[in-house]
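The values are calculated or read from the model by the stated rules, or taken from the named source; none is laboratory data. Fair warning: this is a prediction, and the values are worked out from it, not measured in the lab. Every residue, glycine as well, gets a Cβ built from its backbone with ideal geometry; the counts of neighbours run over all protein chains shown. These area figures cover heavy atoms from the full protein model, side chains too; ligands, DNA and RNA do not enter into them. Shrake-Rupley method; radii C 1.70, N 1.55, O 1.52, S 1.80 Å.
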Amino acid sequence: MSNRNTKYPSVLLLTLLAGAPVLTLASETAPMGRLSPRIELQTSDQIGGISATKGSSGHGKSAAEPAPMLEVSGALGGTIPAPAETAVEPVTQKEDVVPTVAPTEDGMSAKARDKAEAKAAREAGKLADAQARAEAKAAREAKKQEEAQAREAAKVAREKQRQEEAQAREAAKAAAAAERESARSQEAKPAVVESRQEEAPTQEKVEFEAKKARGSANFKAKAAAELQAIADEKAGSAHRAQARAEDQADVAAKARAEAKATARDAAEAKVKSADAAKALADLEAKAAAEALDNVGSGSGVSASTEAAIVAAREEMRQAEAAAKSKSATASRAKAEADMQAEAAELARSKAESQARTAAKAAEEAQLAAHDAAVAKAKAAAAAQAVADFEAKSAADAIARAQARAQAAADAKARADADVIAARSGAKPQVDPGVAVKSAVAARLALPVITEPYTALKLKDAIRVPGWDISIIGVSRPGNVLASRGAADQTASVGEWVVVFLELRNTSNAPQSVLDYNFQIVSSGAAAGCQNPEAGGCRYFISGLSEARGLYQQTRGLTVLHSNYDKREFAPGAMARTAVVFDLPVSGFTQKFGIGDSYVDLGTLKNVPVTPSATK
């Protein structure tokens with residue numbers, strides 16, 4: 001855009017000399033909506049007002065012509081007419097026309113107005129500077145507050161960590177005290193177990209207690225191992241959760257630092273925007289001053305100033321856009337930092353929860369290990385008691401063997417005496433004391449039942465001519481029968497039931513008894529009954545060799561029938577044996593017996609299921 005640079009003095013002179021009407025000169029519209037000064041001039045005759053007839057020139061003006069007028073349009077574009085009564089000294093045709101600036105309606109000239117506008121622009125710049133400084137100060141205060149909050153959070157975290165470490169030390173002390181107490185109890189308890197086992201009346205009871213203690217020890221050791229594995233797994237989970245919490249805390253710290261950096265950038269961008277606004281205000285003030293100074297020349301604002309204003313406006317626009325963008329980035333960064341802080345707090349809470357769970361699991365594992373150690377000590381004491389009892393039983397067995405040898409010698413002596421008496425025709429004499437001693441010795445020589453069993457209080461006895469049969473007890477090994485040992489097991493169709501018997505030949509002649517003569521009669525017929533009888537079912541012994549020979553042999557009991565060979569017992573001979581049945585699981589009443597003599601065993605619910613013995 002260009003301004004008119006007309007040579008005002010020469011044009012005005014020509015106009016005045018020619019007596020032309022009013023000459024109006026106006027500049028084009030200036031940029032940014034401002035106008036350059038607009039000047040309207042009249043001739044010298046008109047400037048002089050109503051004058052008298054001139055001399056020889058012949059030029060004269062009537063009194064009715066209007067008064068001279070000079071109009072100046074300032075930066076605001078207003079046209080101010082000069083008052084009619086304003087008198088201007090006439091000038092000759094050779095004199096240059098000097099424009100007169102008329103005052104505005106409010107009494108201010110255009111120059112004064114421009115000065116006021118320049119002052120207002122400077123004040124606006126000062127306000128922008130003050131606002132930028134205030135925003136920078138607010139940003140610094142916000143940064144100080146965030147740093148103070150971060151320091152406070154770090155302090156709280158350190159205090160919490162110290163408390164957790166103190167609690168961990170207290171827990172370790174309590175665990176050490178518990179271990180010392182368990183060690184003292186392990187040292188003191190075996191003697192108590194031994195003394196109790198010494199009071200056991202039979203080897204069956206001692207061995208049963210030992211097996212029970214061994215099973216309890218194994219069970220508790222397994223439970224302790226499982227709890228320890230769980231505790232280790234939870235400790236690993238807690239460690240991983242702690243690592244995740246620390247990583248999340250680092251992410252949150254980075255997000256806070258990034259938010260602080262973006263906040264600083266936003267504050268700096270606002271300061272730059274304010275500086276750009278101030279620079280633009282200064283340039284606009286300068287342009288106003290130039291317009292005021294160039295009123296007379298009509299040159300208006302210089303092109304360099306206009307270009308500087310355009311550049312300043314573009315720079316301010318870019319600065320405002322950058323400030324707005326960085327402010328939005330700072331807001332997003334702050335939101336991200338808040339979200340990461342919440343995530344870090346959640347991760348820390350989860351880590352603390354898992355740490356508490358791991359500590360609880362470790363405590364439970366430690367208690368289980370303590371119980372397992374105590375159970376192991378009890379099992380060792382019980383095993384020692386069994387060994388002591390077996391040593392005592394061995395000594396008793398030696399004594400019984402010696403008694404049997406003595407009884408055999410006495411029996412031979414009596415037999416010889418009976419033979420001599422028979423030959424002589426005299427009646428043999430029987431010493432009652434010797435007979436009782438022989439019966440006691442024979443009972444002591446019987447094998448000991450090592451299986452856990454339940455002794456039944458039976459109202460009736462099995463009555464068979466020539467035999468004295470008594471039920472020692474009943475055992476329920478469950479579904480698996482161990483014949484030779486734990487590695488040699490036989491599964492049942494229903495449930496294994498073992499009846500321990502004691503036999504004595506009360507006749508005067510040798511005789512035998514077969515194991516399949518013993519039977520169990522059920523009051524009801526369960527599914528799979530092969531021998532129904534009068535609404536019930538009759539069960540014979542198991543035909544498996546594991547139940548008819550190996551089971552008895554591995555336990556030192558007498559085999560009544562093996563490979564269809566009959567076993568004969570001498571008069572007065574005694575034996576202990578076991579008959580094994582495979583019964584369906586039912587709630588019917590069971591009767592046990594041989595021939596026509598049976599005793600009621602009940603429903604066998606009073607007989608607990610016990611694990612089979614291993615030899």
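Pick from the range 337-358 the residues that are open to solvent by 50 Å² or more (accessible area, probe 1.4 Å) and over 14 Å from the mean Cα position of the chain (by Cα): which of them is nearest to V271 (Cα to Cα)?
That would be D338.
Return only the number of the condition from (1) open to solvent by 50 Å² or more (accessible area, probe 1.4 Å); (2) modelled with pLDDT under 90 that E290 does not satisfy.
Of everything listed in (1) open to solvent by 50 Å² or more (accessible area, probe 1.4 Å); (2) modelled with pLDDT under 90, E290 misses just condition (1).
What number of residues within the range 250-261 are more than 17 Å from A148 (Cα to Cα) and either among the aliphatic types (A, V, I, L, M) or open to solvent by less than 20 Å² (accessible area, probe 1.4 Å) (or both)?
Of the residues in that region, 1 qualify.
Okay, residues lined up against (1) β-branched (V, I, T); (2) out of contact with any helix residue (DSSP H, G or I) (no Cβ under 7 Å at 6 or more places or on another chain); (3) on the phi > 0 side of the Ramachandran plot:
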site	(1), (2), (3)
S216	no, no, no
F219	no, yes, no
D232	no, yes, no
H239	no, yes, no
R256	no, no, no
A261	no, yes, no
V271	yes, no, no
A277	no, no, no
E290	no, no, no
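Got at least one residue in the range 320-336 being farther than 30 Å from R264 by Cβ, assigned to a helix (DSSP H, G or I) and in contact with a helix residue (DSSP H, G or I) (Cβ under 7 Å, 6 or more places away or on another chain)?
No, because not a single residue in the range 320-336 is farther than 30 Å from R264 by Cβ, assigned to a helix (DSSP H, G or I) and in contact with a helix residue (DSSP H, G or I) (Cβ under 7 Å, 6 or more places away or on another chain).
Select, from A217, A238, A225, the only residue that is touching a residue at least 60 places away in the same chain (Cβ under 8 Å), open to solvent by less than 80 Å² (accessible area, probe 1.4 Å) and under 30 Å from A382 (Cβ atoms).
On the way: A238 fails: under 30 Å from A382 (Cβ atoms); A225 fails: touching a residue at least 60 places away in the same chain (Cβ under 8 Å).
The match here is A217.
For V271, indicate whether it is open to solvent by less than 60 Å² (accessible area, probe 1.4 Å) and in a loop (DSSP other than H, G, I, E, B). Give the derivation first.
Working: open to solvent by less than 60 Å² (accessible area, probe 1.4 Å): yes; in a loop (DSSP other than H, G, I, E, B): no.
Considered against the rule, which asks whether it is open to solvent by less than 60 Å² (accessible area, probe 1.4 Å) and in a loop (DSSP other than H, G, I, E, B), V271 comes out as no.
Output the number of residues of the range 388-399 satisfying the condition of being surrounded by 13 or more Cβ atoms within 10 Å (Cβ to Cβ) and within 60 Å of the chain's Cα centre (by Cα).
Looking only at that region, the number is 5.
Being over 58 Å from the mean Cα position of the chain (by Cα) and either open to solvent by less than 40 Å² (accessible area, probe 1.4 Å) or free of Cβ contacts under 8 Å to residues at least 60 places away in the same chain (or both) is the filter here, so list the residues in the range 579-600 that pass it.
As a first pass, look at the range 579-600 and keep what is over 58 Å from the mean Cα position of the chain (by Cα): 579, 591-600.
Those that are over 58 Å from the mean Cα position of the chain (by Cα) and either open to solvent by less than 40 Å² (accessible area, probe 1.4 Å) or free of Cβ contacts under 8 Å to residues at least 60 places away in the same chain (or both): V579, F592, G593, I594, D596, S597, V599.
Test G300 against the stated conditions and say whether it is at positive phi, assigned to a loop (DSSP other than H, G, I, E, B) and either over 43 Å from the mean Cα position of the chain (by Cα) or not basic (K, R) (or both).
yes
Out of all the residues in the range 445-468, which are open to solvent by 90 Å² or more (accessible area, probe 1.4 Å) and either within 23 Å of Q552 (Cα to Cα) or modelled with pLDDT of 75 or more (or both)?
K457, R463, P465 - these are the residues of the range 445-468 that are open to solvent by 90 Å² or more (accessible area, probe 1.4 Å) and either within 23 Å of Q552 (Cα to Cα) or modelled with pLDDT of 75 or more (or both).
Considering each residue of the range 530-556, count those that are out of contact with any helix residue (DSSP H, G or I) (no Cβ under 8 Å at 6 or more places or on another chain) and in contact (Cβ under 8 Å) with a residue 12 or more places away in the chain, and give that number.
16
Please enumerate the residues belonging to the range 374-396 that are hydrophobic (A, V, I, L, M, F, W, C) and without any contact (Cβ under 8 Å) to a residue 24 or more places away in the chain.
Selection gives A387, A391, A394, A395.
So the check is Cβ under 7 Å with 6+ separation or different chains; which pairs have a first residue in the range 177-188 that's at pLDDT below 65 and a second one that's open to solvent by less than 100 Å² (accessible area, probe 1.4 Å) and in a helix (DSSP H, G or I)?
S185/V374; Q186/A373; Q186/V374; Q186/A377
Between residues in the range 311-331 that are among the β-branched types (V, I, T) and residues that are assigned to a helix (DSSP H, G or I), which pairs lie under 7 Å by C-beta distance while being six or more apart or on different chains?
As it stands, the answer is T329/T262, since those pairs meet every condition given.
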